[in-house]
Amino acid sequence: MQCVRPLWALTAAAVCVLLLLLLHDHMLREGQLSAGSCEVVTLDRDSSSQPRTTIARQTARCACRRGQIAGTTRAQPACVDVRIVRTRQWCHMSPCLDHEGCGLLVNNSGWTCTQPGGRIKTTTVS
């Protein structure tokens, strides 16, 4: 009889953990983001405004941890340290791809990513 009580308690604890895991999984599937992650919500491209120029507008949804804010890392939306955005030191969040060079715009309103062939991608922050 003394063995049965701990066995029931262990079984109840296992069932509780299983239910919590199932609930967490269900919440993530219902549109919830896990902490520290981002997803692209909209992406609009306009190639007709100027020749050889494409204007892209992207909206992302992020679930950042405390001390983080939505930013860009390796050309993808990501949670970055809030100090980077406050000080406008955009290149510290590694916004460009590995083979690209990062440069700040003159007024710190954004950054450029320069590819080895000379192509430049400019990102401005509104």
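Only the coordinates and a few stated rules stand behind these numbers; no lab work does. Treat the numbers as computed from the prediction; the structure is a model and nothing was measured. Positions of Cβ are backbone-derived with ideal geometry, glycine not excepted, and every protein chain shown enters the neighbour counts.
If you take every residue apart from residue 113 with its C-beta less than 12 Å away from the C-beta of residue 113, what net charge results, scoring Lys and Arg +1 and Asp and Glu -1?
Value of the local net charge: +1.
Which whole-Hz ³J(HN,Hα) couplings does region 52-62 yield from phi under the Karplus relation 6.51 cos²θ - 1.76 cosθ + 1.60, θ = phi - 60°, glycine and proline marked x?
6, 10, 10, 9, 10, 10, 10, 10, 10, 10, 10
Amide H neighbours of residue 96 under 5 Å, counting only residues 5+ apart in sequence or on other chains, H built in-plane at 1.01 Å?
It is 74, 75, by chain and number.
Using a ≥ b ≥ c from the Cα gyration tensor of region 56-126 (square roots of the eigenvalues), is it rounded, prolate or oblate, where a/c under 1.5 gives rounded and otherwise the larger of a/b and b/c decides, a/b for prolate?
Because a/c hits 1.5 or more and a/b exceeds b/c, region 56-126 counts as prolate.
Which whole-Hz couplings ³J(HN,Hα) result when phi for each residue of region 102-119 is put into the Karplus expression 6.51 cos²θ - 1.76 cosθ + 1.60, θ = phi - 60°, listed in order with x for Gly and Pro?
Using θ = phi - 60°, the values come out as 9, x, 7, 5, 4, 9, 6, 8, x, 8, 10, 10, 9, 7, x, x, x, 5 Hz.
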